[in-house]
Structures are given as C-alpha cells and as structure tokens.
1. Taking the criterion of being loosely packed, with under 13 Cβ neighbours inside 10 Å and within 22 Å of Leu181 (Cα to Cα), would at least one residue in region 332-354 satisfy it?
2. Can you go through Gly338, Gly262 and tell me which one is free of Cβ contacts under 8 Å to residues at least 12 places away in the same chain and of a type in the set (Gly, Ala, Ser)?
3. Within the group Gly232, Gly226, which residue is touching a residue at least 24 places away in the same chain (Cβ under 8 Å) and loosely packed, with under 14 Cβ neighbours inside 10 Å?
4. For region 64-89, what are the residues that are over 16 Å from Leu48 (Cβ atoms) and in contact with a Leu (Cβ under 7 Å, 6 or more places away or on another chain)?
5. Identify the residue in region 156-213 that is of a type in the set (Phe, Trp, Tyr) and assigned to a strand (DSSP E or B) and, among all such residues, is farthest from Thr229 (Cα to Cα).
6. If you take the residues of region 382-400 that are within 16 Å of Gly262 (Cα to Cα) and in a loop (DSSP other than H, G, I, E, B), which of them is modelled with the highest pLDDT?
7. Determine whether Ile101 is touching a His at 6+ places or on another chain (Cβ under 8 Å) and over 21 Å from Tyr28 (Cα atoms).
8. Report, by residue number, each residue of region 290-340 that is basic (Lys, Arg) and in a helix (DSSP H, G or I).
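The values are calculated or read from the model by the stated rules, or taken from the named source; none is laboratory data. Note that the coordinates shown come from a computational prediction; the quantities given were computed from them, not determined experimentally. Note: ideal-geometry Cβ built from the backbone for every residue, glycine included; neighbour counts use all protein chains shown.
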Amino acid sequence: MKIKLSNVIAPSFKKIHQDIKADGHTHYWFGGGRGSTKSSFVAIEIILGIMSDPDANAVSLRKVKDTLRESTYEQLSWAIDVLGAEQYWHKSISPLGLTYIPTGQKIIFRGADNPKKIKSIKFSKGYCKFIWYEEVDEFTGMEEIRMINQSLMRGGQKFTVFYSYNPPKSSNNWVNTEVKLTRSDRLAHHSNYLTVPREWLGEQFIVEAEHLKVTKPTSYEHEYLGHVTGTGGEVFDNVQIRPITDEEIKEFEVVKRGLDFGYAIDPLSYNVVAYNRKKKQLFIFHELYKVGLSNKAAYDHIHDENRHNEMVLADSAEPKSIHELRQYGLRVKGVKKGPDSVEYGIKFLQSMESIIIDDHRCPETAREFLTYELEKDANGNFKAKFADKNNHAIDAVRYAMNDEAMKFKEFKKHVPDLDFPTPEEKRIKAIKKMTGGSPKVSAFTKW
C-alpha cells in the first residue's frame, strides 16, 4: 500500500521533511498555534525514520511522564495507522512503548520528572537516533535539555532532535529566547492552522478560531497563530540576534567600551559596542563576562582587546578598582550617577531602532537583553522601577553609552510629553502596515 505524504503532511512542512531526509540539521524547533499539525508531523517523521533505518530508535519525552500516553503515544500510534503500517508495529500500554516488529527497534517514552530512568535507557539493537521533546516549554530550561541530550546522544553517527511547543506569551521565556539564538545545526520553523488544509481541521475548529479572533484578538494571536504576544513586562523588544562579521566590525566608526565590576557572586562584565547615531542602531560584538576575575586579569583581557587604549567607562561605585586599572595603564573613568541614571540609561537603549547582538561573541549579553523584564509586586502588578538583577552586561552597555544617554535625558526634559511606543503599540502598528490599516489579521489570507 502506497501513501502519498502530501496527504498526511501539511504543505508548510514540505521543505522541513526534505531537510530531515537530507540530514540537513540536528535540532528542529517547531513552534506554532493550535491546529498547526506540528506534533503530527514529528510523529510521522519518527515512524518513517525508524522504518527506513534499521539502527534507529527513538525516545519521546514530556516533563511529566503521566502526560505521555494521551499525547505523544497517541500521536505516534496515529502516525503508524495513517501510514498504513499497523501490521508492522506492536503497541504496548504497560510499559508504554512501540516496537517495530521486523527488526525489534523501539520507541521509548519517558518523563523528565525521573532523570535516572532517562540515563538508564539502553537499546538491544541500534542507538537513539530520534529524540522528541513535546511541549518543550514545560521543561525548566536548556540546562535540563542539554543534560538529557548528553545521556541520549551516544553511539550513533546521526541524531535528529525535535522540539515542539506552543510559544509562551512572554518574549523573555527561555524557549522564545533560545529559538532566537543562532546555531548552524538548528532549524526553527513556525506554523499555524492557516497553513493546514481546511478539511483536515473541520468546520467547528474554524468556527471556534474565528469567534476568538473577534472577541479576544490577542488571545487568538497567541493561541491560534502561535504569536509571542508578550506579557507587558518585556523591557527590550528591539533586540536582534545575528552574527556580526569581522568586515562589519572594521567599518564601525563610533566604538565605545563599558565595564561593570563584579567578583565573588556577580560577574565582571566588559562590553564593546558600536553606535550608529543616524540609524539609531547599537551593535554589541565583544564581551568579557566572568565571576572571580581579578582586576589584573581583567586588565590583561582589556589591554589585548583595546589595543589603542581608548577610554573605558566604568561603574563609579568602584573607585579602588578604577584606580588599580589606571595604575596598570588603562584609560578608564567612572560614569557620573544620579537617582534616575538607570532609568534614563535603559530608556535610551529602548529608544534604539535596533540593538544587534552577536550571540556567539556575546552569549551572556544576548541572554541578559533577551530575558530582562519588569518585576511584579505581591498583587501581580508590574513595578515602576527596572529590576537590579541579571543585568551586569546591560549595565556595562549603559556605561559605554552614558554620554549619549545623558543627551537623551536632557532632550526628554525639554520635551516631557514625548514618549516612545510600548511593545503593544509597536505590534499593532506593524499589523496595520501589513494589512493596509486594519489591526485585525484575516484568518484566511493565506488560503
């Protein structure tokens, strides 16, 4: 019996299927809204992959093991049936598992709430080629994911890891942050129900989606379109993560350097940035970010990077450290602080059209800018002041741009009513631009 894959895989996944077949990448991140068929696609790829490679096995993971049977187990069972391969597979409920009868290859199901059981996984034939993290946003973060991958990605030549999820609302959530970071062996894909043949979903699904779009458009965007709508607490919505080439760096005209001191608990952060005043762009392309670093070691690093000994602007609260660095020969001075210097420094950075960060050169800086957000009080309301934690690189960048921030402060004083648009206002403006003036997106514009 022959099955036409276009009858079971949505059109939006055609190129992804070809990439997987060609071993194009190792890590595939599938974000999307309800009805996007991302989980169905992953299930089909795993079944096809095992049936075409006699050494391939798979592990399906959820954060909590009790959710596996009604989620990934059912999806994989559906994939077996829709591919017409029921007679070749044995389905077991206790223990939960799927076995490819001709070769004995297996699909094992595990919950991350018991890490020991993940470490003890062994296959009598072949290796774990496929790993599937369903609802990956339920996991605590990339550290947990890396530990699991380190246990499972052994003994084989080629691995394929799937991460499926509905994007959390907050752009600062670890999943939304991770997808923005660049890796050559990673492919991220976004889909929603608009990219799926209508008859696959059924009329009632469409009715429910259309009703939510009219009554609660923001919820519709998040739940059905899979957009990151935000919580309102995001501080920097103007960050772009991409490589900054050596050729670009050579062309930078206005280069500035900032230093935030730290030692025992807080890291010392030294950042080098380039500022394009005309385009209101800030490029961050160098960092030193380390706990327990002596001033002498910091000087050695800065001396090697700052070959022409250009001025470094540092935290004035550390006069002793500034004096020591000067004794070594570094040109460094403390920035003047005031009761509102943090506020205006961050607002100046918010006013940039874009803050471009190279996450390979500056991984910790990228993490701070992507995850920095307002804190909430006991009643769940956002606090007025910016949080003073997890912001060491942000502070270093503020110091580097202190002169420009002070100009911005004076400008704001003379034009007090002028303010910059909120993330929600920017989002609505972008939607209006795409849709010719209407803030609502037609549900079927792509059909």
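1. yes
2. Gly338
3. None of the other options fit; the residue is Gly232.
4. Leu68, Arg69, Tyr73
5. Step one: list which residues in region 156-213 are of a type in the set (Phe, Trp, Tyr), which gives 159, 162-163, 165, 174, 193, 200, 205.
So of that shortlist, the ones also assigned to a strand (DSSP E or B) come out as 162-163, 165.
Details: Phe162: 24, Tyr163: 21, Tyr165: 15 Å.
Checking each candidate, the answer is Phe162.
6. Asn391
7. yes
8. Those that are basic (Lys, Arg) and in a helix (DSSP H, G or I): Lys296, Lys320, Arg326.
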